[in-house]
Amino acid sequence: PHIQFIMGVGGSMPGTAENLAFLVGKLPEGATWSVSGIGKAHMPMMLAGLALGCDGLRVGLEDNIMYGKDENGNKIIATNKMLVERAVEMAKLAGREVATAEDARQIMGITRNCLRDEVTGEVTYVEE
């Protein structure tokens, strides 16, 4: 099975490295897992997940809208691109290989049914 840990949601388990390590220790043998931290748990869960050997990181605006603060202490509003690029950078710093979009589809057994031409922006749907 694949287990997705969503940590730091209000009313649920706090997004701490200690809690994530506890949960990972309870995984069934052979399970794959990924993690996401909601809001302020975003960075701690990404770093703890990498340290604990996660199979994937979930990042995006559905989990976190803040990227950080600028040199004046002002909040920086995130984009999905910013969050993904930071996750890729952290994964590479941790010595992890990063899957391409096509690799990820193959790993998860997903067929790409919608194609967008990068030049014209035209969308084509593939029938199965």
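To keep it simple, each residue is scored yes or no on (1) at negative phi; (2) part of a loop (DSSP other than H, G, I, E, B); (3) open to solvent by less than 90 Å² (accessible area, probe 1.4 Å).
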{"residue": "V35", "(1), (2), (3)": "yes, no, yes"}
{"residue": "K40", "(1), (2), (3)": "yes, no, no"}
{"residue": "L50", "(1), (2), (3)": "yes, no, yes"}
{"residue": "I76", "(1), (2), (3)": "yes, no, yes"}
{"residue": "R86", "(1), (2), (3)": "yes, no, yes"}
{"residue": "M90", "(1), (2), (3)": "yes, no, yes"}
{"residue": "R96", "(1), (2), (3)": "yes, yes, yes"}
{"residue": "A99", "(1), (2), (3)": "yes, yes, yes"}
{"residue": "Q106", "(1), (2), (3)": "yes, no, no"}
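Residues that are out of contact with any Leu (no Cβ under 6 Å at 6 or more places or on another chain) and more than 25 Å from I3 (Cα to Cα) are absent from the stretch 44-54. Look at R86 and say whether it is among the basic types (K, R) and touching a Phe, Trp or Tyr at 6+ places or on another chain (Cβ under 8 Å). Yes, satisfied. Scan the stretch 62-74 residue by residue and report those that are without any contact (Cβ under 8 Å) to a residue 24 or more places away in the chain, open to solvent by less than 70 Å² (accessible area, probe 1.4 Å) and either within 11 Å of the chain's Cα centre (by Cα) or farther than 20 Å from T16 by Cβ (or both). Passing the criteria: D70, G73. For the stretch 108-118, the set of residues classified as closer than 17 Å to H2 by Cα and in a loop (DSSP other than H, G, I, E, B) consists of G109, I110, listed by residue number. In a residue-by-residue description of the stretch 69-84, the property of being in contact with a Cys (Cβ under 9 Å, 6 or more places away or on another chain), polar (S, T, N, Q) and within 19 Å of A99 (Cα to Cα) applies to no position. Got a number for residues in the stretch 116-128 being open to solvent by 70 Å² or more (accessible area, probe 1.4 Å) and aliphatic (A, V, I, L, M)? Qualifying residue count for the region: 1.
The values are calculated or read from the model by the stated rules, or taken from the named source; none is laboratory data. All values reported here derive from a predicted model rather than from experimental measurement. Note that each Cβ is placed from the backbone with ideal geometry, even for glycine, and that neighbours are counted across all protein chains shown. Areas reflect the complete protein model, heavy atoms only, side chains present, ligands, DNA and RNA absent. Shrake-Rupley method; radii C 1.70, N 1.55, O 1.52, S 1.80 Å.
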